[in-house]
Structures are given as structure tokens and as C-alpha cells.
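Undergrad: Right, I'll just put the structure down here and ask away after.
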Amino acid sequence: MSAGPRTPVIDFGNMVAGVLGWQANPEGEGAQPVQGIQPDRLRGDLAERFRAAFTDVEERRVTGEMGFFSLPGDRALAGAAREAADTFGQWFETVVVIGIGGSALGTAALRDALLAPGWNELDDEGRDHFPRLHILDNPDPDTVSALLARVDLARTLFNIVSKSGTTAETMAQFLVVWGALEAALGADKVRGHLLVTTSPGRGTLRELADEYDLPSLPLPESVGGRFSVLSPAGLFPAAVTGVDVDALLAGAAEMAERCRGPELMENPAGLVATLLHVADTESRASVQVFMPYADRLRGFAYWVQQLWAESLGKALDRDGRRVETGPTPLPSFGASDQHSILQLLMEGPRDKVVVFLGRDAPGKEVTIPLLLGEKAPLGYLGGRTLFELLDRERRATAEALRREGRMNMTIMVDRVDARALGALFMLFQIAVVYAGALYNVDPLDQPGVELGKVLTCGLMGRSGYDPPEIPDPDPRWRV
């Protein structure tokens with residue numbers, strides 16, 4: 001499988017039987033392979049399974065049900081986000097995004113990957129005079145009050161992101177911000193510090209935008225929150241801080257094109273989906289560890305966790321049968337977590353598969369000085385670079401897992417930039433809808449989170465929601 005320039009390359013050899021290491025049989029019957037996919041299956045039954053999944057996804061894509069496919073080519077949406085960022089957004093010293101779940105995780109992934117480390121601590125020149133960027137997702141009063149006390153409200157724009165306009169956590173913080181702006185600047189100044197990103201035609205936030213003439217950006221009806229990073233939900237915060245959104249969308253478009261065919265061995269997202277589905281359903285590797293060896297991809301790993309968990313963890317399949325299926329995604333970070341979770345990955349239960357995320361080169365290299373070379377534990381490091389150390393640790397960890405018969409694959413980009421990140425976003429979004437078809441579940445809904453929302457509304461006294469009866473804790477089960 002060939003890869004175009006600056007696009008992810010998937011090395012899945014360590015998922016294949018015969019490549020994976022061998023382990024002595026505890027019964028004393030000699031050595032035997034423990035896990036791994038027989039290579040002939042990739043052009044046999046697994047290829048046929050994927051072809052059916054591809055057809056299913058294509059049918060839903062063509063009807064417009066999976067709107068995220070069209071985002072890289074939607075010039076109107078991208079243009080609206082870019083125009084708001086280049087004009088209105090540049091009036092401010094600070095931009096605060098208020099959202100939760102997919103309305104925040106994509107922006108966090110973009111921030112971590114594409115802005116300079118310590119962005120908000122840099123002076124104006126260090127940020128090329130682009131605004132600082134904060135994200136408020138969890139409605140923790142300590143966090144919210146501290147941020148509002150720290151920023152200059154007169155020079156701050158609040159971007160409220162909620163497709164429905166009824167997300168309790170987001171709307172509560174929206175009301176807190178509205179009150180703070182009104183108290184500090186006066187009621188007539190509030191409008192000038194708000195930008196709402198929401199459904200173009202429905203919902204409370206849309207009604208408020210229309211009633212108070214608030215600046216707004218649209219979230220397409222066919223794009224769910226966890227698939228919205230390439231919509232104005234992610235594009236505005238990216239553009240307002242100087243990210244090259246054209247490159248971001250170009251990378252996504254290139255990956256979408258690579259995934260347009262039904263042949264398993266030629267479709268990168270199909271391979272990711274199929275290999276992880278088989279690992280879960282046949283090898284009982286239901287814990288899927290996403291492990292970047294780049295601090296810039298930390299936010300991306302959390303974004304993948306939500307995408308995977310909310311799309312694939314379902315009680316019912318699409319035929320209404322109870323299945324209670326779905327892998328458990330776990331973010332982990334190299335090399336830090338080599339000193340925490342690696343022992344479990346190497347010698348614990350064989351219920352895990354690791355997806356390493358690597359890069360060919362860092363943004364900036366740091367050479368280790370030739371100091372204290374007479375000390376054997378230090379001398380070999382001098383003259384090397386920090387990236388060499390980090391990347392060799394990634395390779396060594398993958399090899400150690402292989403030798404122990406532990407399945408893993410590696411997804412490589414040449415560097416972490418806007419084009420590569422756009423490709424990674426699209427790779428995993430397409431992979432998760434293929435995986436949904438393989439599991440026969442709907443990757444676009446999330447019925448499991450709705451009950452908690454309903455109960456919260458009842459507990460908070462929202463009109464139309466009955467207060468739930470929650471029994472008091474039984475003292476027998478308290479210590």
C-alpha cells in the first residue's frame with residue numbers, strides 16, 4: 001500500500017500471525033502463536049466483510065446522513081469560519097470556547113497539535129498577535145470563576161458551541177458569562193463579546209442568536225458533535241489563532257480520497273476498523289490503547305477516545321437486538337506511560353491492542369550535550385537528540401510487545417502539522433463509521449447518554465421534566 005506525501009502511513013505487521021512473537025505454552029507443549037490475524041484473511045473473509053461495511057457506509061454517505069464526509073470540500077462553511085476569525089475574532093486579546101464533548105475535544109486537539117506549547121503564556125509578539133485561547137468544558141465553579149477573574153472581559157470573546165443549544169453544562173456557563181459581561185461592561189455591550197456556533201435552524205441557542213442579534217456560525221444538521229471538528233466548531237478557534245485551515249481541510253480531503261474504494265488492503269480507514277474489530281471480537285482484545293509519542297497529539301488521543309466510545313459502545317444493534325458491544329478506548333502517552341501502564345500491557349491480561357501514533361520529525365530538535373561522558377549510564381546519550389530517544393522508545397516498545405505476542409499497530413505522519421492532523425481526523429472518523437457497520441451498530445447516535453441528561457434536567461427543575469426518585473443511600477452500604 002503506497003501513501004501520498006504528508007499523509008499517515010499505517011504499519012499493521014504487528015497485528016498479523018507469523019509476525020507476532022511466540023510464547024511458550026504453559027502446559028509444556030512447546031511454543032505457539034498467541035494472537036494475530038492470519039494474513040490470507042486480509043484478502044479473504046475479512047476483505048468481504050469490509051466490502052459489505054463499505055457499501056453500507058457509502059449508502060448512508062450518499063444520502064447525506066454522514067455529513068462529516070463533505071466538510072473538507074464545503075467552502076461556504078470554511079469561508080464563514082475564516083471570515084469571522086479574520087475580522088470579528090481579531091478584535092480580541094482572548095478567545096474562550098465554551099462547549100463540552102465533541103464541541104470542545106476537537107478544539108483541544110487542534111490547540112495542542114498546532115499552537116505553540118505554552119501559547120497562552122506567550123506575549124503578543126510570540127503569538128504573532130493572535131488571541132489567547134481557553135476552553136471551558138466542565139462546569140467546575142473553581143475553574144470557571146478563576147478564568148473569568150483572570151481574563152480582561154473587555155478584550156475577550158466567548159464562543160458558545162452547542163448544536164442543540166440545550167446542553168446543560170454549556171448553557172449554564174453561557175449564562176454565567178452573560179451575567180459577568182453585563183456586570184462588568186453593561187447590558188448594551190454583551191452582544192459584542194459573544195459568538196454562537198449552533199444549528200442554523202433550531203434550538204434555544206439559535207433562538208437567542210436571532211432574538212439578540214448575536215453573531216453566529218452554523219453547525220450542519222447532518223454533522224454530530226463528535227464529528228464536528230472540521231466544521232465551524234473547530235475551524236473558527238483554529239483560524240482565529242492563525243492555524244492554516246486550508247491545509248487542515250486539504251489533509252482531510254486527501255485522506256477521504258484514499259478511503260473511497262472497497263478494497264480492504266487499499267483503504268487505510270478500512271484497515272484500522274477491520275483490524276481493531278477483529279482484535280475485539282475474535283481475540284478478545286477489547287481494550288484499545290491509543291498511544292501517541294508526541295505531546296502535540298495528547299489532545300488528539302482524548303478526541304479519539306470520545307469518538308470511539310460514543311460511536312461504538314451500544315446496547316442494541318441496528319436490528320434492535322441486545323448486544324452490549326463496543327471496545328474500550330484508552331488514551332496513553334509515550335514515553336511517560338512506559339513508566340506506568342507498559343508493565344500491564346506487556347504482562348497483564350491479553351485483552352489489549354495498542355495503536356501507536358508517531359512522527360518522522362519533530363517541530364524543533366534538541367541535541368543532548370556531550371557532558372559527563374565518563375559515566376557509562378550517561379555517555380551513550382551525548383550527541384544524540386531528544387527526538388531520537390523518544391522515537392526509539394516508541395519502536396522499542398512496539399517490538400517488545402511484538403515479541404510477547406501482543407498485538408499493536410503504528411500510524412505515522414511525517415510531522416504534526418495542519419495537513420497531517422486533518423488527515424488523522426478524517427482517518428479515524430471514517431474508520432469509526434466502518435467499525436459501526438462491522439459491529440452492526442449505529443455510530444451516529446448516543447442513546448446511552450440521554451438518560452443521564454433527562455435525570456439531570458429533572459434534578460435541576462427544568463420545566464417538563466419530572467424530578468426523578470433517587471433513593472437515599474442505604475446506611476448499610478456506607479462507611
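Undergrad: Residues in segment 408-418: is at least one in a loop (DSSP other than H, G, I, E, B), among the β-branched types (Val, Ile, Thr), farther than 18 Å from residue 289 by Cα and open to solvent by less than 10 Å² (accessible area, probe 1.4 Å)?
TA: Scanning segment 408-418, I find no residue that is in a loop (DSSP other than H, G, I, E, B), among the β-branched types (Val, Ile, Thr), farther than 18 Å from residue 289 by Cα and open to solvent by less than 10 Å² (accessible area, probe 1.4 Å), so the answer is no.
Undergrad: Mind checking which residues of segment 316-337 are open to solvent by 40 Å² or more (accessible area, probe 1.4 Å) and either out of contact with any Lys or Arg (no Cβ under 9 Å at 6 or more places or on another chain) or not acidic (Asp, Glu) (or both)? First the steps, then the outcome.
TA: From segment 316-337, those open to solvent by 40 Å² or more (accessible area, probe 1.4 Å) are 316, 318-324, 328, 330, 336; that's our starting set.
Matches in segment 316-337: 316, 318, 319, 320, 321, 322, 323, 328, 330, 336.
Undergrad: Scan segment 169-201 residue by residue and report those that are open to solvent by 50 Å² or more (accessible area, probe 1.4 Å) and under 14 Å from residue 213 (Cα atoms).
TA: Within segment 169-201, 187, 188, 189, 191, 200 qualify.
Undergrad: Oh, and also: Of the residues that sit in segment 202-255 and are out of contact with any strand residue (DSSP E or B) (no Cβ under 8 Å at 6 or more places or on another chain), of a type in the set (Val, Ile, Thr) and in a loop (DSSP other than H, G, I, E, B), which one is surrounded by the fewest Cβ atoms within 10 Å (Cβ to Cβ)?
TA: 243
Undergrad: Can you tell me which residues in segment 359-394 are loosely packed, with under 11 Cβ neighbours inside 10 Å and assigned to a helix (DSSP H, G or I)?
TA: Listed by number, the residues that qualify are 376, 377.
Rundown of residues vs (1) at pLDDT below 95; (2) more than 21 Å from the chain's Cα centre (by Cα); (3) farther than 21 Å from residue 90 by Cα, yes/no style:
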| position | (1), (2), (3) |
| --- | --- |
| 191 | no, yes, no |
| 202 | yes, yes, yes |
| 228 | no, no, yes |
| 259 | no, no, yes |
| 269 | no, no, yes |
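Undergrad: Could you please find all residues in segment 301-334 being among the polar types (S, T, N, Q) and not in a helix (DSSP H, G or I)? Spell out the reasoning first.
TA: If we filter segment 301-334 for residues that are among the polar types (S, T, N, Q), which is where we start, we get 305-306, 311, 325, 328, 332.
Residues satisfying the conditions are 325, 328, 332.
Undergrad: Answer yes or no as to whether residue 145 is open to solvent by less than 60 Å² (accessible area, probe 1.4 Å) and either among the small types (Gly, Ala, Ser) or within 25 Å of residue 231 (Cβ to Cβ) (or both). Before the answer, list the steps.
TA: Numbers: open to solvent by less than 60 Å² (accessible area, probe 1.4 Å): no; either among the small types (Gly, Ala, Ser) or within 25 Å of residue 231 (Cβ to Cβ) (or both): yes.
Answer is no for this residue.
Undergrad: List every residue pair whose Cβ atoms sit under 8 Å apart, with the two residues 6 or more apart in sequence or on different chains, where the first one lies in segment 286-313 and is free of Cβ contacts under 8 Å to residues at least 60 places away in the same chain and the second, anywhere, is open to solvent by 40 Å² or more (accessible area, probe 1.4 Å).
TA: Filtered contacts from segment 286-313: 305/330; 309/328.
Undergrad: Can you tell me which residues in segment 55-74 are out of contact with any Lys or Arg (no Cβ under 7 Å at 6 or more places or on another chain), part of a helix (DSSP H, G or I) and buried (at least 16 other Cβ atoms within 10 Å of the Cβ)?
TA: Pass one, segment 55-74, residues out of contact with any Lys or Arg (no Cβ under 7 Å at 6 or more places or on another chain): 55-65, 67-68, 70-74.
Now narrow it down to the ones that are part of a helix (DSSP H, G or I): 55-62, 67-68, 70-73.
Across segment 55-74, the qualifying residues are 56, 57, 60, 61, 67, 68, 70, 71, 72.
Undergrad: Determine which member of the set 243, 223 is more than 14 Å from residue 424 (Cα to Cα) and in contact with a Ser or Thr (Cβ under 6 Å, 6 or more places away or on another chain).
TA: Numbers: 243 fails: in contact with a Ser or Thr (Cβ under 6 Å, 6 or more places away or on another chain).
Within the list 243, 223, the selection yields 223.
Undergrad: Another question, then. Where residues in segment 75-123 are without any contact (Cβ under 8 Å) to a residue 40 or more places away in the chain and over 28 Å from residue 175 (Cα atoms), which of them is least open to solvent (accessible area, probe 1.4 Å)? Give the steps one after another, and end with the answer.
TA: Step one: list which residues in segment 75-123 are without any contact (Cβ under 8 Å) to a residue 40 or more places away in the chain, which gives 75-76, 79, 83, 87, 116, 118, 120-123.
Imposing the further condition that a residue be over 28 Å from residue 175 (Cα atoms) reduces the set to 75-76, 79, 116, 118, 122-123.
Details: 75: 207, 76: 77, 79: 23, 116: 40, 118: 39, 122: 52, 123: 95 Å².
Residue satisfying both the conditions and the ranking: 79.
Undergrad: On to the next question. Does residue 344 satisfy being in a helix (DSSP H, G or I) and either under 25 Å from residue 421 (Cβ atoms) or at pLDDT 95 or above (or both)? If you could, list the steps in order and put the result at the bottom.
TA: Numbers: in a helix (DSSP H, G or I): yes; either under 25 Å from residue 421 (Cβ atoms) or at pLDDT 95 or above (or both): yes.
So residue 344 passes the test.
The values are calculated or read from the model by the stated rules, or taken from the named source; none is laboratory data. Please read these numbers as outputs of a predicted model, since none were measured by experiment. Cβ: placed from backbone, ideal geometry, glycine included. Neighbour counts: every protein chain shown. The area values use the complete protein model at the heavy-atom level, side chains included, leaving out ligands, DNA and RNA. Shrake-Rupley method; radii C 1.70, N 1.55, O 1.52, S 1.80 Å.
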